[in-house]
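Colleague: Pasting in a structure now, in structure tokens, and then I'll have a few things to ask.
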Amino acid sequence: MTTAHQTAAAGEDYTPGRPAQNDKPRPECRHWIGAERHHCKAVDGVRLYVTGPRCSAHTPAALQGKPEVPPGPGWPIHRQEAT
């Protein structure tokens, strides 16, 4: 029989009474559809935004009728470190 101390020492993340790390619930879109009076609850392609988790149909850009911003390098060129 292994104890929590022995399991943690073996490199596994174990907490009694909690589900395993891979058993986390998938995020769902929390956009409120007012005409239908419910949340979207889609689970495919959900990403976290400031307004909460959103599916691709309910991102802030999609709700404004704009295309999604393409992914960029992440750090502006004028912000390079001084050499």
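Colleague: If you place +1 on the Cβ of every Lys and Arg, -1 on the Cβ of every Asp and Glu, and leave all else neutral, what size is the dipole of the range 24-67 about its Cα centre, to the nearest 20 Debye? Please report the intermediate quantities before stating the final value.
Modeller: On the way: 8 positive and 3 negative charges, 26 e Å.
With Lys and Arg at +1 and Asp and Glu at -1, about 120 debye.
Colleague: Lys/Arg Cβ at +1, Asp/Glu Cβ at -1, dipole of the range 24-67 taken about the Cα centre: which of Val43, Ile33, Ala57 is farthest positive-ward?
Modeller: So the residue we want is Val43.
Colleague: So, one more: Within a 10 angstrom radius of the beta carbon, how do Arg26, Arg54 rank from fewest other beta carbons to most?
Modeller: If I rank by nearby Cβ atoms, fewest first, I get Arg26, Arg54.
Colleague: In 10 Å bins starting at zero, report the fraction of Cα pairs in the range 24-67 per bin as a rounded %.
Modeller: For the range 24-67, the binned pair fractions read 32, 55, 13, 1 percent.
Colleague: Let me ask something else. Calculate the spin-label point distance for Ala61 paired with Val43, positioning each point 7 Å from the Cα along the beta-carbon direction, and give it in nanometres.
Modeller: 2.7
Colleague: Give me the extension gain from Ile33 to Val69: residue separation times 0.36 nm, minus the current Cα-Cα distance, reported in nm with one decimal.
Modeller: Net length gain for the segment: 10.6 nm.
Colleague: Still on this model: Please state the relative contact order of the range 24-67 as a whole percent: Cα pairs under 8 Å, 6+ residues apart? List each step's numbers first, then the result.
Modeller: Working: 58 pairs, mean separation 14.2, N = 44.
Averaging sequence separation for qualifying contacts and normalising by length gives 32 percent for the range 24-67.
Read-outs: derived from the displayed coordinates by stated rules, not from any lab. Every value quoted in this text rests on a predicted model; they were computed, and no experiment measured them. Using ideal geometry, Cβ is built from the backbone for each residue, glycine included, and neighbour counts are taken over all protein chains shown.
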